[in-house]
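The values are calculated or read from the model by the stated rules, or taken from the named source; none is laboratory data. Worth saying up front: this structure is predicted, and the values here are computed from it rather than measured. A quick note on method: Cβ atoms are made from the backbone with ideal geometry, for glycine too, and the neighbour counts reach across all protein chains shown. We work out accessible area using only protein heavy atoms, side chains counted, and drop any ligands, DNA or RNA first. Shrake-Rupley method; radii C 1.70, N 1.55, O 1.52, S 1.80 Å.
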Amino acid sequence: MSTDSVVSQRHRVAVIGSGFGGLFACKHLKKADVDITLISKTSTHLFQPLLYQVATGILSVGEIAPATRIVLRKQKNVQVIMGDVHDIDLENNVVTSRLLNQDHQTPFDSLIVATGAQQSYFGNDHFATYAPGMKTIDDALELRARILGSFEEAELAKTQEQRDRFMTFVVVGAGPTGVELAGQIAELSDRTLMGTFRNIDPRDARVILVEGADAVLKPMGANLGGKAHRRLEKMGVEIQLDALVTDVDARGVTIKDKDGSERRIESACKVWSAGVQASELGKQLAERSDGTEVDRAGRVVVEPDLTIKGHPNVFVVGDLMAVPGVPGQAQGAIQGGTYAAKAIKDGLAGHQPAERKPFKYFDKGSMATVSRFSAVCQVGKLEFGGFIAWLAWLALHLWYLVGFRSRFVTVFEWFVSFLGRHRGQMAATEQWVFARLALEAVNAGDDDARDAVRPLDSESAPGNGKSVANKKSPAPGDVRAG
């Protein structure tokens, strides 16, 4: 186990997570008399709202995920270390992270925990084998391979039944991510891939958006949700409301309708965007503090100053914090990280924790794209959709992209994709799908993961637990269980 070799004489701030909350906290401490250690299990700062554009071939990973070290290289009071934090010692003020089976301890005087959230399958984690979420770069690249691979499989399908299954795409969850994904898959099939195959017409693809609630974009209200609903239907997306997914397997999904009846949708490619679950560190913080609780999603119920009970030096921000009226969006993380940084600076100036003003969230609105030239936007009581909302969406997302080069390249890619039919990021490899499934099969000994690397039309039934270890190299159909 290694430890920090240099004993700092200045106030030590540990920041866990390189997302919006962690990054903005570091930036707002740039001129403070502190030494910052930013700990992240990834090497990049991910602009998560644009992941779906990576998954559908519009943007490259580099545009939305610059290296954190490069972003912060001019900020001399920050050290960036890579590692997965697995222990926070609140008594001794030490964070323990792990990289390549080696533990590293980081002492702190103040701590900002901004580890975000992951996809939630509501207790059905085995669904992830066949329906990846949309929270990480790996998710986006895997989904791109699944989408494009489905068309390739359909081109070679020997029966209409097989072809229909490969040409059916199911998106679970009609929140912003689900709406954006469904719209882009529809545009990908209708515009970009048109005329590129000989045995199939990509325009025949079915895109099905499944939602357990009774409306699309329900948190945004009936007006904007209705606009998005109508636009998606005009694009050919099939919207199924009051439809709960009760099972997901290699060949499709099982749906339970409002009347209690169940039915099947045969689909090779599924994506899950129906819920989020906070990082496990939230539960650990709650258990180790005096009286702090977590909500149903695992988010930490913080004090008015975003700290946990009994520890005014430990801040929880972003998707990990549970604050009434603060949505799990980038703005909440940015404002939370900025607030924590300001509180630390005030403490260095002699202010006591009891003097802190409560965190107050300023709602700058919410928005979602539906298709090219069409979006919905809500700013306070103002609601609007269409082309103007789409321009506002473009401007806002460009503003929060890190780096001039990223903004420039993104504008160029958007110009090419939205005005024409070309998408510049259509590369997809078999390994992007197979790697995760193989790791699950090997590391967890999980039958579901093993099933996922079998041919979709093999005689082996899902769940029989037969090993795939003797397979020398998987065929394209073997790794595309989802």
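Taken over the stretch 266-311, the criterion of being over 25 Å from the mean Cα position of the chain (by Cα) and within 30 Å of L141 (Cα to Cα) is satisfied by E266 alone. Against the list (1) surrounded by 23 or more Cβ atoms within 10 Å (Cβ to Cβ); (2) in a helix (DSSP H, G or I), the condition V170 fails is (2). Can you confirm whether the stretch 223-240 contains a residue that is crowded, with 22+ Cβ neighbours inside 10 Å and at pLDDT below 95? Among the residues of the stretch 223-240, not one is crowded, with 22+ Cβ neighbours inside 10 Å and at pLDDT below 95, which makes the answer no.
Being in contact with a Lys or Arg (Cβ under 8 Å, 6 or more places away or on another chain) and under 23 Å from S289 (Cβ atoms), is that true of even one residue in the stretch 342-360? Yes: the stretch 342-360 contains one or more residues that are in contact with a Lys or Arg (Cβ under 8 Å, 6 or more places away or on another chain) and under 23 Å from S289 (Cβ atoms).
Being under 30 Å from G212 (Cβ atoms) and either outside the structural domain of K31 (by the TED database) or open to solvent by 40 Å² or more (accessible area, probe 1.4 Å) (or both) is the filter here; which residues of the stretch 74-115 pass it? Answer for the stretch 74-115, where residues must be under 30 Å from G212 (Cβ atoms) and either outside the structural domain of K31 (by the TED database) or open to solvent by 40 Å² or more (accessible area, probe 1.4 Å) (or both): just T115. Scanning the stretch 31-68 for residues that are more than 27 Å from R144 (Cα to Cα) and in contact (Cβ under 8 Å) with a residue 24 or more places away in the chain gives A32, D33, V34, D35, I36, T37, L38, I39.
Would you mind telling me which numbered condition in (1) open to solvent by 50 Å² or more (accessible area, probe 1.4 Å); (2) more than 17 Å from V370 (Cβ to Cβ); (3) not in a loop (DSSP other than H, G, I, E, B) T196 fails? Failing condition for T196: (3). For the stretch 360-389, filtering for residues that are surrounded by fewer than 20 Cβ atoms within 10 Å (Cβ to Cβ), small (G, A, S) and at negative phi leaves 1. A single entry from V216, V207 fulfils the requirement of being outside any helix (DSSP H, G or I) and without any contact (Cβ under 8 Å) to a residue 40 or more places away in the chain: V207.
Within the stretch 390-438, if we keep just the residues that are of a type in the set (F, W, Y) and loosely packed, with under 14 Cβ neighbours inside 10 Å, the residue that is farthest from V370 (Cα to Cα) turns out to be F404. Do we find that T56 is out of contact with any strand residue (DSSP E or B) (no Cβ under 9 Å at 6 or more places or on another chain), closer than 30 Å to R423 by Cβ, surrounded by 18 or more Cβ atoms within 10 Å (Cβ to Cβ) and polar (S, T, N, Q) in this structure? Criteria met by T56. Elements of the type strands (runs of 3 or more DSSP E) sitting completely within the stretch 7-121 and holding at least 2 residues that are among the charged types (D, E, K, R): these cover 84-89.
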